[in-house]
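Asker: Dropping the structure in here first, questions after.
The values are calculated or read from the model by the stated rules, or taken from the named source; none is laboratory data. Given the structure is predicted, the values throughout are model-derived calculations rather than measurements. So basically every Cβ, Gly included, is an ideal-geometry build from the backbone, and we count neighbours across all protein chains shown.
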Amino acid sequence: MTKRDFADLERRFGHRFADASLLKRALTHSSLSGGEAPPRDLERLEFLGDRVLGLLTAEELWRRYPDFDEGEMAPRLNSLVRKETCAKAAIHFGLGEHILMSEWEAESGGRAKKAILGDVMEAILGALYIDGGLEAARRVYDMFWTPNLEELARLHKDAKTALQEWSQQKKLGTPDYHVVDADGPAHAPAFTIEVRVKGKKPAKGEGRSKREAQMEAARAFLVREKVWIEDE
C-alpha cells in the first residue's frame, strides 16, 4: 500500500490516522500470510467494527424514529448492519482496489466479493474507532449510512425470512438447507450450503458460518427468481 493510497483513503474517511498501521491491518485479507500485518488482524478489527456499527445504527434509529418501539427498530437495524449493506458502503468508498490479498484471491475476483468487502468495511470502522474514537467512526457512518438510511432499511427482512415467506405464499412449503461442503481451518471455516424449494432449481451460498452461507444461498435464490433486485 503506497503513501498515496494511504493519503487518498484518509481523505475519503475525513480522518488522518495517528497509528498508520491500523488502516493497513484493516485492509489486509487473511489470504496473505506473514508480512507486516498478521492475517487475523482484519478479523479482530472487523469484530470491533461490527459492534461500533451496531451502536451507531441503534442511536440513529432511536433519534430518527421517536415513535418506533423495539420491534419496529430491530429489523431495520439488522438490515443496516448486515454484510451486504457493509459491502455497499465499501463500494461507495472504493475499498476494493486497496485491499491487500493474495494473487490467487485477487484473480478469483476477491476484490468484488461482497463477503470480503463487507468484512473490510467493518474492519475500517474498528480501526477508525481505535485511532480516533467514536466520532471518527461516526464521520464515516454519516457519509454513507445516515443519508441512505431509509432506503437501506426499506427492505428490512433478511434473506432467509424473505425466502420462507415467498415460498409459503407460493404454496411451495418451507425451504430446506443442506451443507454441501465444509472446509478451511478451525479459525476460518468455510461452508457451502444449498437451499432447495419444491419445484425450483436449488441455489448455493458460501460463508464463514452456516448461518451466513444459508443467508447467501437464500439471497442467490431470491435474486435468481427476481424476488429481490439487487443494486450493484
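Asker: Picking from 202, 185, 147, which residue would you name as being loosely packed, with under 13 Cβ neighbours inside 10 Å, of a type outside the set (A, V, I, L, M, F, W, C) and either in the same structural domain as residue 65 (by TED's automatic domain parsing) or modelled with pLDDT of 95 or more (or both)?
Answerer: Exactly one residue qualifies, and that residue is 147.
Asker: Okay, next question. What pairs come up if the first residue lies in segment 99-123 and is over 16 Å from residue 41 (Cβ atoms), the second is in a helix (DSSP H, G or I) and aromatic (Phe, Trp, Tyr), and their beta carbons are under 9 Å apart, counting only those six or more places apart or on different chains?
Answerer: 110/104
Asker: Could I ask something else about it? Give the residue, chosen from 44, 4, that is among the charged types (D, E, K, R), closer than 29 Å to residue 159 by Cα and either modelled with pLDDT of 95 or more or surrounded by fewer than 18 Cβ atoms within 10 Å (Cβ to Cβ) (or both).
Answerer: 44
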